[in-house]
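The values are calculated or read from the model by the stated rules, or taken from the named source; none is laboratory data. As the structure is a computational prediction, the values presented were derived from the model and not from experiment. Positions of Cβ are generated from backbone atoms using ideal geometry, with glycine treated the same way; all protein chains shown enter the neighbour counts. These accessible areas exclude ligands, DNA and RNA; they are computed on the full protein's heavy atoms, side chains included. Shrake-Rupley method; radii C 1.70, N 1.55, O 1.52, S 1.80 Å.
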Amino acid sequence: MVRSVTSVYDKQTCYIVGEAKSPGNNPIMKNYHSFFVGFVVDSKNHRIIDAECTSILDITSRFIQSIFVGQSIFDEEGVAEEIRTRYYGSSQKALIVAYKQAQLKYKESLEV
């Protein structure tokens, strides 16, 4: 029996994951050993339409999602500045690094 899968995301979207290390005393590192941020990007306009991260508190993932959704995956300085001015968790630097790594993976995917 074949199950029908209903797609939540349009076919023009792609999924990219960025990874970084958080400070050793961070509960995320103790649970997951790395900090991951997953991005769903609209390939037509390069906008982030969804994001989620490894976190201990649900509010953290929702807050990080509010920073990224609607942003261009290419707006490196704008996004990094928004993280620096709005997110004061111990994973702030890791969040920026994970975003930049995901951005790099996305750029490489466009060159294929």
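Below is a table of values for the structure above.
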read-out	value
Residue list for segment 66-96, filter: touching a residue at least 40 places away in the same chain (Cβ under 8 Å), open to solvent by 60 Å² or more (accessible area, probe 1.4 Å) and in a loop (DSSP other than H, G, I, E, B)	Ser90
Output for segment 44-57, where each listed residue is surrounded by 15 or more Cβ atoms within 10 Å (Cβ to Cβ), at pLDDT below 95 and over 10 Å from the mean Cα position of the chain (by Cα)	Ser55
Residue in segment 25-35 that is farthest from the chain's Cα centre (by Cα), counting only those that are open to solvent by 70 Å² or more (accessible area, probe 1.4 Å) and modelled with pLDDT of 55 or more	Asn25
Near pairs, Cβ below 8 angstrom, 6+ apart or cross-chain, from segment 3-14 (modelled with pLDDT under 85) to any residue that is part of a loop (DSSP other than H, G, I, E, B) and among the aromatic types (Phe, Trp, Tyr)	none
